[in-house]
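Contents: one structure, followed by commentary.
The values are calculated or read from the model by the stated rules, or taken from the named source; none is laboratory data. Since this is a predicted model, take the numbers as computed values, not measurements. Here the Cβ is made from the backbone with ideal geometry for all residues, glycine too, and neighbour counts use every protein chain on show.
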């Protein structure tokens, strides 16, 4: 496990007690213990989140919001309604923290705050450092987990991407049917975003790979296939990106 992957894992454990018998966390912790800069970052993240948690607990949600949240929980089977209500609740919590003059990065998952065209949104989210929900070194188990979350993955994904050591994945509420992000480790972290094309018609992609250079040595590739749109991001050259997509025909 490298420093980037360790940071992705540790970012999910900034509050509460460390997990027990979690080999993924134990491996990430060993990397941090050998890297003073990474350990200092994690300690700051835990301190910041503890402060934010204390401030958030001091606020009482408005009665109408509490009632709406309760109603959404009673109708948990209506997943989309519940998800949107919960998102509004977290947004309110975030706004309350801003009012207190506190700047924070970790306690509230702000993935829904990324806006704009899908390609820009995917790059910015990758560059800032995504939070993942599921971790596994086996990319087959990663894709199986997404399918188990009712995510509609296309039948074919880039084989060289899937052949890398997996890191993890998560669904993102960027469309009615969500967007998936899958991360693998190939010396640098590659982030693959997959979404239904009908929900991002403004992207206007072709069935051939298009490449864009971005800041700080990052490259973005984008294409469409099988009724889906794809965005691949990494801090890598176009040549390395092309190699990752070799043997794959959209």
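Brief remarks on what is shown
- Filter pass, residue 230 being more than 20 Å from residue 130 (Cα to Cα) and surrounded by 21 or more Cβ atoms within 10 Å (Cβ to Cβ): no
- Subset of segment 214-250 (residues that are more than 20 Å from residue 164 (Cα to Cα) and touching a helix residue (DSSP H, G or I) at 6+ places or on another chain (Cβ under 7 Å)): 214, 224, 227, 228, 229
- Boolean, residue 105 is at pLDDT 90 or above and surrounded by fewer than 19 Cβ atoms within 10 Å (Cβ to Cβ): no
- Only a single item in (1) modelled with pLDDT of 90 or more; (2) out of contact with any strand residue (DSSP E or B) (no Cβ under 7 Å at 6 or more places or on another chain); (3) closer than 21 Å to residue 111 by Cβ is not met by residue 199, and it is number (1).
- Out of 229, 189, sole residue that is under 25 Å from residue 7 (Cβ atoms) and within 18 Å of the chain's Cα centre (by Cα): 189
- Every residue from segment 192-226 that is part of a helix (DSSP H, G or I) and either under 17 Å from the mean Cα position of the chain (by Cα) or free of Cβ contacts under 8 Å to residues at least 24 places away in the same chain (or both): 201, 217
- Flag for residue 31 being touching a strand residue (DSSP E or B) at 6+ places or on another chain (Cβ under 9 Å), surrounded by 19 or more Cβ atoms within 10 Å (Cβ to Cβ) and at pLDDT 80 or above: no
- Among the candidates 171, 154, residue that is in a strand (DSSP E or B), closer than 25 Å to residue 115 by Cα and either touching a strand residue (DSSP E or B) at 6+ places or on another chain (Cβ under 8 Å) or without any contact (Cβ under 8 Å) to a residue 40 or more places away in the chain (or both): 171
- Set 179, 188, 203: member being crowded, with 19+ Cβ neighbours inside 10 Å, assigned by TED's automatic domain parsing to the domain that holds residue 151 and touching a helix residue (DSSP H, G or I) at 6+ places or on another chain (Cβ under 9 Å): 179
- Selection count, segment 151-163, where residues are under 18 Å from the mean Cα position of the chain (by Cα) and modelled with pLDDT of 90 or more: 4
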